[in-house]
Amino acid sequence: MSRSEALSKPSMAALGLGGNIGDPPVSMARALRMLDETDGIAVSAVSRLYRTPPWGKTDQDWFFNCCAMVETKIAARDLLETCLDIERRLKRRRRERWGPRIIDIDVLTFADRMIDEEGLVVPHPHMHERAFVLLPLMDIAATIQVRGRPLSDWAKQADGAGIEIVSEDGAWWKQSGGAR
Ligand code: X6L
Ligand code: MG
Ligand code: MG
C-alpha cells in the first residue's frame with residue numbers, strides 16, 4: 001500500500017465497525033488491534049459494543065456495531081485502503097449490497113475535512129441518520145460537528161429502537177478474540 005501522502009500533522013478520524021456473520025465481536029476486536037498495529041495509525045478511543053437491528057436490508061441477522069477514534073499520520077485515502085485491506089484479511093466476501101458481512105469498517109469523519117472522491121465520501125453521507133453509528137459514536141465523540149450540528153443533536157433525533165448495549169465499557173476489544 002502506498003504511503004506517499006504521509007501527513008506531517010496527525011489527524012483524528014472516526015471509524016464505524018459492524019458485522020453480523022460468524023462472531024462479530026471477535027472480528028471487530030481483531031480489526032481494531034490490526035488498525036492499532038498499523039504504522040501511522042493509533043486507536044485512541046473505542047465505544048462500547050452495541051447490538052443493533054439490521055437497517056436497509058432488514059431480512060438478515062442483527063448486527064454488532066461500535067465506533068473508534070483513531071489518530072492517524074496517513075492520508076484519508078490510505079486510511080480507507082487500510083480498512084478495506086483489514087476487511088479482506090478477515091475474509092470479508094462482498095456478495096449482495098447491504099447484505100450480511102463478517103466485518104465492515106467505514107471511515108466516518110477525517111479531521112474536519114470534506115472529501116468527495118470515488119469510494120471515499122467524508123463525512124459519511126448517512127452517518128447522521130443511522131442510530132447504529134450515532135449511539136456508539138456518542139460514547140467517544142459527542143462534541144464533534146457533523147453537517148453543522150453537534151453529534152448529540154443528531155443522536156437525539158435518531159431512532160434507536162431495539163439497540164442494546166452489550167459491553168460495560170470501551171475496553172472489550174483489548175482482550176477478546178484470542179491469538180492472532
Ligand atoms: C432506506 C433504504 C432506508 C436504505 C435505509 C440503511 C441502507 C443503512 C443501507 C437504507 C439503508 C444501510 C449495517 C446495517 C448495513 C450495520 C446495522 C447500511 C449499509 N450495515 N444495520 N445495515 N448495522 N444495524 O452496520 O448501513 S448495510
Ligand atoms: Mg457500513
Ligand atoms: Mg463499508
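Nothing in this text is a laboratory measurement; each read-out follows from the coordinates by a stated rule. Values in this document were obtained by computation on a predicted structure and should not be read as measured data. Here the Cβ positions follow ideal geometry from the backbone for every residue, glycine too, while neighbour counts run over all protein chains shown.
Miscellaneous remarks
- Normalised by 2.2 N^0.38 Å, where N counts its residues, the alpha-carbon radius of gyration of the stretch 88-180 equals 1.24.
- Every Cα-Cα pair of the stretch 1-93 was included, and the share exceeding 23 Å stands at 27 percent.
- Tally of Lys pairs whose C-alpha atoms are under 28 Å apart, taken over the chain, 8 or more apart or cross-chain: 7
- Three-way shape call for the stretch 125-174 based on the alpha-carbon gyration tensor, with the a/c threshold at 1.5: oblate
- Given +1 at the Cβ of Lys and Arg, -1 at the Cβ of Asp and Glu and no other charges, the dipole of the stretch 32-180 around its Cα centre is 420 debye to the nearest 20.
- Here is how the number arises for the chain: DSSP H runs of 4 or more residues each give -39500 (n - 2.57), the sum is divided by the residue count, and the result at 222 nm is -8000 deg cm²/dmol.
- Per-q log10 I(q)/I(0), the chain, q = 0.10, 0.11, 0.13 Å⁻¹ (Debye; single scatterer per alpha-carbon; no solvent): -0.35, -0.43, -0.61
- Rounded, prolate or oblate (a/c below 1.5 giving rounded, otherwise prolate when a/b exceeds b/c) for the stretch 31-76 by Cα gyration tensor: prolate
- Spatial separation of Cα centroids for the stretch 112-162 and the stretch 24-86, in angstrom: 15 Å
- Amide proton proximity set for ILE144, modelled H, under 5 Å, gap of 5+: LEU151
- Exposed-loop-free span, longest in the chain, where GluC sites (Glu not before Pro) count as exposed if DSSP calls them loop and at most 10 other C-beta atoms lie within 10 Å: 6-95
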